[in-house]
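S.K.: Okay, handing you the structure first.
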Amino acid sequence: QKEVEQDPGPLSVPEGAIVSLNCTYSNSAFQYFMWYRQYSRKGPELLMYTYSSGNKEDGRFTAQVDKSSKYISLFIRDSQPSDSATYLCAMSAGGGNKLTFGTGTQLKVEL
Amino acid sequence: SAVISQKPSRDICQRGTSLTIQCQVDSQVTMMFWYRQQPGQSLTLIATANQGSEATYESGFVIDKFPISRPNLTFSTLTVSNMSPEDSSIYLCSVKTPSVSGNTIYFGEGSWLTVV
């Protein structure tokens with residue numbers, strides 16, 4: 001079993017839809033949770049960074065962490081074609097140096 | 001955040017050769033890392049590049065295959081030695097820097113290597 005599980009998709013939604021992306025994990029030591037967006041042939045871009053359980057909102061993006069269920073989510077409101085990318089969840093324990101990534105979910109937002 | 005530049009951005013390499021990837025950061029950072037992203041796979045940490053000392057390698061990665069240098073707080077290199085087609089991958093430099101949210105990790109654009 002992988003430490004971090006993420007549905008690879010692809011996920012296709014119409015423009016304006018609310019998108020929900022999810023990851024589950026098995027290592028209870030993970031304390032820091034991140035979401036990265038990766039466009040084709042580009043490096044990962046940090047979208048959201050959270051510590052511990054709860055919600056964090058930034059513009060159209062909301063990150064949610066449920067440590068009791070070992071489940072994290074990223075919600076994208078009013079999705080745009082420019083949101084079409086691969087979304088990677090990542091997490092770390094302790095000092096937060098080593099990131100363990102999910103395999104990424106490929107999202108396509110269609111006009 | 002930090003601006004991270006990697007060179008080369010992409011290359012096609014012959015089997016058995018070695019290639020050195022450079023990573024330059026626009027500010028001094030304590031922590032620098034090298035990741036690999038194989039086709040269809042997620043990112044895997046190769047090693048932590050330590051300034052002034054030997055890199056710390058993750059399980060499955062060895063110095064002979066992936067020698068790393070870190071001469072100062074803004075620069076690091078990763079060499080992929082004696083390449084085989086299995087080394088075809090994206091190699092990513094990353095740094096850990098303070099932010100309003102805490103210490104966060106940023107990535108460069110990656111170096112896309114194809115071994116033929």
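The values are calculated or read from the model by the stated rules, or taken from the named source; none is laboratory data. These numbers were taken from a predicted model, which means no experiment stands behind them. Using ideal geometry, Cβ is built from the backbone for each residue, glycine included, and neighbour counts are taken over all protein chains shown.
S.K.: Quick check on A:ARG37: is it within 12 Å of another protein chain (Cβ to nearest Cβ), exposed (fewer than 13 other Cβ atoms within 10 Å of the Cβ) and either within 23 Å of B:VAL95 (Cβ to Cβ) or within 14 Å of the chain's Cα centre (by Cα) (or both)?
M.R.: On the way: within 12 Å of another protein chain (Cβ to nearest Cβ): yes; exposed (fewer than 13 other Cβ atoms within 10 Å of the Cβ): no; either within 23 Å of B:VAL95 (Cβ to Cβ) or within 14 Å of the chain's Cα centre (by Cα) (or both): yes.
Taking the combined requirement at face value, the residue does not satisfy it.
S.K.: On to the next question. From the list B:PRO71, B:PRO85, exactly one residue is within 15 Å of the chain's Cα centre (by Cα) and either surrounded by 12 or more Cβ atoms within 10 Å (Cβ to Cβ) or more than 23 Å from A:TYR36 (Cβ to Cβ) (or both). Which is it?
M.R.: On inspection, the qualifying residue turns out to be B:PRO71.
S.K.: Next question. For the stretch B:57-88, give me the residue count where each residue is at positive phi and of a type in the set (S, T, N, Q).
M.R.: Total meeting the criteria: 1.
S.K.: Separate question: Restricting the stretch B:95-116 to residues that are within 19 Å of A:ASN97 (Cα to Cα) and more than 8 Å from every other protein chain (Cβ to nearest Cβ), which is surrounded by the fewest Cβ atoms within 10 Å (Cβ to Cβ)?
M.R.: The selected residue is B:VAL100.
S.K.: Working only within the stretch A:71-109, note down all residues that are out of contact with any strand residue (DSSP E or B) (no Cβ under 7 Å at 6 or more places or on another chain), at negative phi and not in a helix (DSSP H, G or I).
M.R.: Correct list: A:ARG77, A:GLY95.
S.K.: So the check is Cβ under 6 Å with 6+ separation or different chains; which pairs have a first residue in the stretch B:33-45 that's at pLDDT below 90 and a second one that's assigned to a strand (DSSP E or B) and of a type outside the set (S, T, N, Q)?
M.R.: Close Cβ pairs satisfying both conditions: B:SER42/A:PHE101.
S.K.: Additional query: Filter the stretch A:42-70 down to residues that are at pLDDT below 90 and in a loop (DSSP other than H, G, I, E, B) and give me whichever is surrounded by the fewest Cβ atoms within 10 Å (Cβ to Cβ).
M.R.: Checked the stretch A:42-70; the qualifying residue surrounded by the fewest Cβ atoms within 10 Å (Cβ to Cβ) is A:SER52.
S.K.: Restricting to the stretch B:21-74, count the residues that are among the aromatic types (Phe, Trp, Tyr) and either in contact with a Cys (Cβ under 7 Å, 6 or more places away or on another chain) or part of a loop (DSSP other than H, G, I, E, B) (or both).
M.R.: Total satisfying the criteria: 3.
S.K.: B:ILE21 passes all but one of (1) without any contact (Cβ under 8 Å) to a residue 60 or more places away in the chain; (2) under 19 Å from A:LYS42 (Cβ atoms); which number fails?
M.R.: Every listed condition holds for B:ILE21 apart from (1).
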